[in-house]
1. Tell me which residues, restricted to the stretch 72-128, are of a type in the set (A, V, I, L, M, F, W, C) and within 16 Å of the ligand (Cβ to nearest atom).
2. With (1) within 30 Å of Gly267 (Cα to Cα); (2) touching a residue at least 24 places away in the same chain (Cβ under 8 Å) as the list, and Ser209 as the residue in question, which single condition is left unmet?
3. Which of (1) buried (at least 21 other Cβ atoms within 10 Å of the Cβ); (2) of a type outside the set (Lys, Arg); (3) over 16 Å from the mean Cα position of the chain (by Cα) does Ala127 not meet, given it meets every other one?
4. Picking from Arg168, Arg71, which residue would you name as being without any contact (Cβ under 8 Å) to a residue 24 or more places away in the chain and basic (Lys, Arg)?
5. Within 16 Å of the ligand (Cβ to nearest atom), within 13 Å of Ser88 (Cα to Cα), buried (at least 16 other Cβ atoms within 10 Å of the Cβ) and modelled with pLDDT under 95, is that true of Ser151?
6. Quick check on Pro146: is it part of a loop (DSSP other than H, G, I, E, B), out of contact with any helix residue (DSSP H, G or I) (no Cβ under 9 Å at 6 or more places or on another chain), away from the ligand (no atom under 14 Å from the Cβ) and not small (Gly, Ala, Ser)?
7. Looking only at residues that are out of contact with any helix residue (DSSP H, G or I) (no Cβ under 6 Å at 6 or more places or on another chain) and surrounded by 15 or more Cβ atoms within 10 Å (Cβ to Cβ) in the stretch 93-118, which one is modelled with the lowest pLDDT?
8. Among helices (runs of 4 or more DSSP H) lying entirely in the stretch 154-271, which contain 3 or more residues that are closer than 21 Å to Ile9 by Cβ?
Amino acid sequence: MKRALITGITGQDGFYLAEYLLGLGYEVHGLARQTGLEHIRGNLLQDVPPELYQRCRLHAVSLDNFPGLYRLITKTSFDECYHLAASSFVGERLADGYQTIQNNIASTHYLLAALHEFQPQCRFYFAGSSEMFGRPKEAPQTEQTPLNPRSAYGISKVAGYHLTRNYRESHGMFCGVGILYNHESPRRRPEFVTRKITLAAARIAMGSSEKLQLGNVKARRDWGYAPDYVRAMHAILNHDQPEDFVVATGVLHSVADICAVAFSHLGLGWRDHVETSDTFYRDEEEVPLVGCAAKIEREVGWRLVTTFEEMVRQMVDADVARLKPMI
Ligand code: G4F
């Protein structure tokens, strides 16, 4: 039986990855902060079925606890480590991003150093991001597109990417990077625009008279489905060579497109319920963030399964189901 370690197991991607690996017969271990574990034990994590985590072995080790990390890695040997944990809000101002930069880079370095020291055979996945391209000079972006980050988060991901490549190239470890574009699901946190919209649409359909405040509704992104993307993470670590791969749909949709699918699924016209607000406005990239997944499709055989429309409708249905017991 293969044994995997997931950092960030209580997040959207950690949840789906744990579910996927358990389904493949893995023994799944997860790192979480003490508060995250208390939330799981007290069944306080919103929408997370505790049964999933009962099937995993959870460790209360925060990634800035270097001795705790070392203790875990010297005690248990892992075949694969998926490093998903990160502070991840792109809208944060660069000037406020000290914690994001410091924590995201240090945690990746701690983890790689500990694995290199005690378990150099363990395969390591680094969760890269389209934010590493920031303000790209070309579209679609590929593994060769120059990195040009424009947020604290993007900068921290570029540093993590280079750390990961260094452990691969200078220390011979099997380290793979997935450069993932936006990926969403009913488990997405509500500060991200997809879930913000599906949750508001559900509330409005159930009688709320609120207006949904959004930033630029013309902003476009390459939105995929998180469960499809965790399959890519696993495929990257089970490829015959450690490499970097863009994981994307290659299709751009606007924030207005999400609104249209979400509200019309509930029989509503989105323009009647949405207002724009400077509070949520971010400057748009001149060249859009849209990825070319040809390499992972060709070399690893990864394929998208769920369309944008299906994903948005699924998120709306899940939010309606969540809200029903509350009315
Ligand atoms: O949902 P978002 O906040 O996601 P963003 O910033 O693209 O970042 C997400 O995807 C990245 C790529 O995978 C990850 F690296 C990152 O960790 C995160 O998962 O915003 C999406 C788009 C942006 O263009 C934003 O300007 O929606 C636009 N938007 C328009 N109105 C809004 C809003 N975004 C938010 N959060 N809230 C709004 O009201």
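The values are calculated or read from the model by the stated rules, or taken from the named source; none is laboratory data. For clarity, every value in this text was computed on a predicted model and none was experimentally measured. All Cβ positions, even for glycine, are placed from backbone atoms using ideal geometry, and neighbour counts span all protein chains on display.
1. Taking the stretch 72-128 and keeping what is of a type in the set (A, V, I, L, M, F, W, C), we get 72-73, 78, 81, 84-86, 89-90, 94-95, 101, 105-106, 111-115, 118, 122, 124, 126-127.
Leu84, Ala85, Ala86, Phe89, Val90, Leu94, Ile101, Ile105, Phe126, Ala127 - these are the residues of the stretch 72-128 that are of a type in the set (A, V, I, L, M, F, W, C) and within 16 Å of the ligand (Cβ to nearest atom).
2. With (1) within 30 Å of Gly267 (Cα to Cα); (2) touching a residue at least 24 places away in the same chain (Cβ under 8 Å) applied to Ser209, the lone miss is (2).
3. Looking at each condition in turn, Ala127 falls short on (3).
4. Details: Arg168 fails: without any contact (Cβ under 8 Å) to a residue 24 or more places away in the chain.
Step by step, each of Arg168, Arg71 is checked, and only Arg71 is without any contact (Cβ under 8 Å) to a residue 24 or more places away in the chain and basic (Lys, Arg).
5. Working: within 16 Å of the ligand (Cβ to nearest atom): yes; within 13 Å of Ser88 (Cα to Cα): yes; buried (at least 16 other Cβ atoms within 10 Å of the Cβ): yes; modelled with pLDDT under 95: yes.
Spelling it out, Ser151 is indeed within 16 Å of the ligand (Cβ to nearest atom), within 13 Å of Ser88 (Cα to Cα), buried (at least 16 other Cβ atoms within 10 Å of the Cβ) and modelled with pLDDT under 95.
6. Answer is yes for this residue.
7. Restricting attention to the stretch 93-118, the residues satisfying the condition of being out of contact with any helix residue (DSSP H, G or I) (no Cβ under 6 Å at 6 or more places or on another chain) are 93, 95-96, 98-99, 102-103, 106-107, 111, 113, 115, 117.
Applying the additional criterion that residues be surrounded by 15 or more Cβ atoms within 10 Å (Cβ to Cβ) yields 103, 106-107, 111, 113, 115.
On the way: Asn103: 91, Ala106: 94, Ser107: 94, Leu111: 96, Ala113: 95, Leu115: 97.
By that ranking, first place goes to Asn103.
8. Numbers: elements: 193-205, 226-237, 255-265.
Those helices (runs of 4 or more DSSP H) span 226-237.
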